[in-house]
Amino acid sequence: MTTPQQRHSILSAVDAAFDEQLAFTAALVETPSLRGSEKAAQDLMESRYRSLGLSIDRWTLDPAELATHPAAGAIDVGYSGSEVVVGTHTPERETGRSLILNGHVDVVPTGLPELWSRGPFKATIIDGWLYGRGAADMKAGLAASPFALAAVQAAGLRPLGRIHLQSVPEEESTGNGTVSALQHGYHADAVLIPEPVGGELVRAHVGVIWFKVRLAGQAAHAAEMSEGFNAVDAAYALISDLRRVEASWNHASKSVTYFQELQHPFNFNVGLINGGDWTSSVPDWCEFSMRIAFPPGRAAEDAWAEMIEAIQRSARENPALGGVVPSVTKTGFHADGYALEPGSEAEESFASAFAAANGRALGTTTTQAYLDARVYGLFDNTPSLVFGPECQRTHGADECVSVESLREVTRAIALFIADWCGVEER
């Protein structure tokens, strides 16, 4: 346990370096890291890890290796540009508890440029908010981890536990970056992921599956539409049938632990849809991609089986599909949800660190988003804490993160490193 003087020194160090932290975070935001193009941003993270004296491990994701792990998602893109970077602090005397600080460097597409008040990769601070694609999700939290460790060092302290700082790709698509880190032998006594969750600790998050549905129709001239079969109309009919499954899952949520108070926790999102080749032709194909969510405790395989059965039932029973059986392909996430059950030593230590850093009790929340916490929580039996700053418009135009909230997050992580791992004078 750290002393009051040590805690004061650590928090002072966070504040002293906070302008530098914001400048680094802005540089990271201004380095685009869309899926498959994360290398330049990973170079920045490696440089920051090296500045702390950490040993570096860096590798490219291997689809064949990932395919052997049950936590991996379906891969439908090339991985030649997707790398994991890990910086490790190894104490001379490893007498403290170990810790993984994990975060993802990949960001989602920017959407329509005209919806942004300024360029999506132009990091700008206005009225206490840092704007830019990835500023909230989750480059602010990713950058906070090395600065939190740096504050411990600047306070003249050396952690007694092994610490792995992980910067991973693929969190927005499959979770395969963190899966790969686990496969490469990175284990610890606790995991902390500073995702943008509003300054509270995540108690539970949903499971997620991505898949693509393709329907075949029959082309005809629009003047003779009745002689064709409209695959776009059929796709809308199928989506409507799947909405009924969505409604049933949400009706059952009233009995799901940690989700009872949420009005509609399990969303089925049609994220992409394409079809047809000509405005005056009946479209003979339509394809849509869907992301479905389901509660922790339910296996992804069970949720997937229900989706397949619902699609096949729609093909049999809904006349709008004309008996056409759609093809269905997994395209990304195939991930169980995760609940951090109360009572772990890691949560107790973090709650104490948060209170000492920010002068109030740590709250908890349930999120309808996917989180990489499930990888270590379910497949390595490691308490996985998710806690990060307040944000607005995540995945949307003018995404932003609260600067003051980020300071509070960095202060809490810094004290948690010291208290969880233990420290000695440098």
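Of all complete DSSP H helices in the chain, those with a Cα span along the helix axis of 24 Å or greater and a mean Kyte-Doolittle hydropathy of -0.5 or more are 231-252, 403-421. I want the local charge near Leu54. Using Cβ-Cβ distances under 14 Å, sum +1 for each Lys or Arg and -1 for each Asp or Glu among the other residues. Around Leu54, the charge tally is +3. Using Cα centres only, tell me the gap between the stretch 229-287 and the stretch 71-100 in whole Å. Taking the Cα centre of the stretch 71-100 as reference, the centre of the stretch 229-287 is 35 Å away. For Ala299 and Asp43, FRET efficiency with R0 = 30 Å and r from the beta-carbon atoms, rounded to 0.05? Working from the Cβ atoms, E equals 0.20. Beta bridges assigned by DSSP with both partners in the chain are antiparallel in approximately 75 percent of cases. Accessible area per residue for the chain, computed on protein heavy atoms with a 1.4 Å probe, is 40 Å². Using Cβ point charges alone (K and R +1, D and E -1), the dipole size of the stretch 242-396 about the Cα centre works out to roughly 440 debye. Each peptide in 97-105, 277-285 receives the mean, over its residues, of other Cβ atoms within 10 Å, and ordering these scores from highest gives 97-105, 277-285.
Computed on the chain, with alpha-carbon pairs under 8 angstrom and 6+ residues apart, the relative contact order is 26 percent. For the stretch 83-241, what is the relative contact order in percent, using Cα pairs closer than 8 Å and at least 6 residues apart in sequence? Relative contact order for the stretch 83-241 comes out at 32 percent.
Measure off, as a whole percent, the carbon and sulfur share of the 1.4 Å-probe accessible area of the chain, all protein chains present.
The computed percentage sits at 50.
Taking the Cα centre of the chain as reference, the dipole from Cβ charges on Lys and Arg (+1) and Asp and Glu (-1) amounts to some 420 debye.
Packing here is the average count of other Cβ atoms within 10 Å per residue, and on that basis the peptides 395-404, 190-199, highest first, run 190-199, 395-404. Of the beta bridges in the stretch 58-191, as assigned by DSSP with both residues counted there, near 60 percent are antiparallel. Comparing the stretch 77-217 with the 2.2 N^0.38 Å rule of thumb, its C-alpha radius of gyration ratio is 1.26 (two decimals). A dipole drawn for the stretch 159-304 from +1 and -1 charges on Cβ atoms has a positive end, and of Pro159, Phe294, Leu201 the residue lying farthest that way is Pro159. Can you tell which of Ala216, Asn269, Ser240 lies farthest toward the positive end of the dipole of the stretch 199-334, using +1 and -1 charges on the Cβ of basic and acidic side chains (Lys, Arg; Asp, Glu)? So the residue we want is Asn269. With r as the distance between the Cβ atoms of Asn274 and Asp380 and R0 = 41 Å, compute the FRET efficiency 1/(1 + (r/R0)^6) and round to 0.05. The value I calculate is 0.60. Remark on Trp129: its backbone amide H falls under 5 Å from those of Val403, a criterion applied only to residues 5 or more positions apart or on other chains, H modelled at 1.01 Å from N. With the convex hull drawn around the C-alpha atoms of the chain, the volume per residue stands at 142 Å³. Projecting the Cα atoms of Val108, His89, Ala13 onto the dipole axis of the chain, where Lys and Arg carry +1 and Asp and Glu carry -1 at the beta carbon, places Ala13 farthest toward the positive end.
Under 28 Å of direct C-alpha separation, and excluding same-chain neighbours fewer than eight residues apart, Lys122 reaches these lysines: Lys39, Lys139. Charge dipole of the stretch 89-164 (Cα centre as origin; +1 on each Lys and Arg Cβ, -1 on each Asp and Glu Cβ, all else neutral): 200 debye, rounded to the nearest 20. Comparing Ala373, Ala351, Ala237 in a Gaussian network model of the chain, where Cα atoms under 10 Å apart are tied by springs, the biggest mean-square fluctuation is seen for Ala237.
The values are calculated or read from the model by the stated rules, or taken from the named source; none is laboratory data. Everything numeric in this text was worked out from a predicted model, so none of it was measured. No Cβ is skipped: glycine too gets one built from the backbone with ideal geometry, and neighbour counts run over all protein chains shown. These area figures cover heavy atoms from the full protein model, side chains too; ligands, DNA and RNA do not enter into them. Shrake-Rupley method; radii C 1.70, N 1.55, O 1.52, S 1.80 Å.
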